[in-house]
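See below for the structure under consideration.
The values are calculated or read from the model by the stated rules, or taken from the named source; none is laboratory data. Remember, it's a predicted structure, so these values are computed and weren't measured experimentally. Here the Cβ positions follow ideal geometry from the backbone for every residue, glycine too, while neighbour counts run over all protein chains shown.
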Amino acid sequence: MMTKKILFLHGFFASGSCIPAQALRQAFTGKAKVLTPDLPLHPKAALMFIENICKQEKPCVLVGNSNGAFLAQIIASRLGLPALLGNPYLEMTRFLIERIGEHEYKSPRTDGHQQLVINQSLIDEFAEVQVHQWDDSRPELSDRIWGLFGENDHLAHFEPLFLQHYTHAYHFPGGHTPTAEEVREYYALLAEKLYTQNNA
């Protein structure tokens, strides 16, 4: 019986059916069950949602990309879970301020709602979460929370901020959103290494 579970947290405009989520599921076929839920738009609701999944499903590792990595860091620190943060967007307010207005998710969501709105109240909520994102960060987690940074990521540039709190930073020759091949070659490989190291 397969008991190992990995929880993947997608980026802001993505969903649980995005290409990185699909690729991670494929990479762990026969080895682990990869959970790829659609995350709530609002960060406080998303954090509560993720924490509930962690308590119910007990994943052995979190894997996040972009906004998903921002949220993963908070939950991993809070619960003491291993996490791989892919291109973590650690200051989401900077991302959102430039994109106020109506948008569509880039991959289908299970509820069928493809529209979202970025407004000031959403930005304010992210600002509040941002201020407290390091509240549970502590030195003993530095071996359990790793960063993975695309060398051609032109959106998020938060490796220096990440390294103020954690020590393991890896790189891959990709952009902000990894391709399926990059997920298999870098994300899956590091997620498995992280799990193995923390369950030796």
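Counting just the residues of the stretch 187-200 that are among the hydrophobic types (A, V, I, L, M, F, W, C) and in a helix (DSSP H, G or I), which one comes out surrounded by the fewest Cβ atoms within 10 Å (Cβ to Cβ)? I'd like the intermediate steps shown before the answer.
Residues of the stretch 187-200 that are among the hydrophobic types (A, V, I, L, M, F, W, C), as a first pass: 188-191, 194, 200.
Now narrow it down to the ones that are in a helix (DSSP H, G or I): 188-191, 194.
Numbers: A188: 23, L189: 16, L190: 20, A191: 28, L194: 23.
Filtering the stretch 187-200 for residues that are among the hydrophobic types (A, V, I, L, M, F, W, C) and in a helix (DSSP H, G or I), the one surrounded by the fewest Cβ atoms within 10 Å (Cβ to Cβ) comes out as L189.
Of the residues E102, E91, which is acidic (D, E), within 19 Å of F13 (Cβ to Cβ), surrounded by fewer than 20 Cβ atoms within 10 Å (Cβ to Cβ) and touching a residue at least 24 places away in the same chain (Cβ under 8 Å)? Steps first, answer last, please.
Values: E102 fails: touching a residue at least 24 places away in the same chain (Cβ under 8 Å).
Sole residue among the options that is acidic (D, E), within 19 Å of F13 (Cβ to Cβ), surrounded by fewer than 20 Cβ atoms within 10 Å (Cβ to Cβ) and touching a residue at least 24 places away in the same chain (Cβ under 8 Å): E91.
Inspect the stretch 76-88 for any residue being touching a Phe, Trp or Tyr at 6+ places or on another chain (Cβ under 7 Å), in a strand (DSSP E or B) and under 14 Å from F12 (Cβ atoms) and give the result as yes or no.
Yes, some residue in the stretch 76-88 is touching a Phe, Trp or Tyr at 6+ places or on another chain (Cβ under 7 Å), in a strand (DSSP E or B) and under 14 Å from F12 (Cβ atoms).
Find the strands (runs of 3 or more DSSP E) located wholly in the stretch 94-186 whose residues include 2 or more that are in contact with a strand residue (DSSP E or B) (Cβ under 7 Å, 6 or more places away or on another chain) and more than 22 Å from V61 (Cα to Cα), and list them.
Working: elements: 101-104, 115-118, 145-150, 169-172.
Counting at least 2 such residues, we get 101-104, 115-118.
Where the second residue is surrounded by fewer than 19 Cβ atoms within 10 Å (Cβ to Cβ) and at pLDDT 95 or above and the first is farther than 14 Å from A21 by Cα and among the aliphatic types (A, V, I, L, M) and lies in the stretch 182-196, which pairs have Cβ atoms under 7 Å and are six or more apart or on separate chains?
Partner pairs satisfying both residue conditions: L190/Y170.
Name every residue in the stretch 136-160 that is exposed (fewer than 14 other Cβ atoms within 10 Å of the Cβ) and in contact (Cβ under 8 Å) with a residue 60 or more places away in the chain, in order of residue number.
Matches in the stretch 136-160: R138 only.
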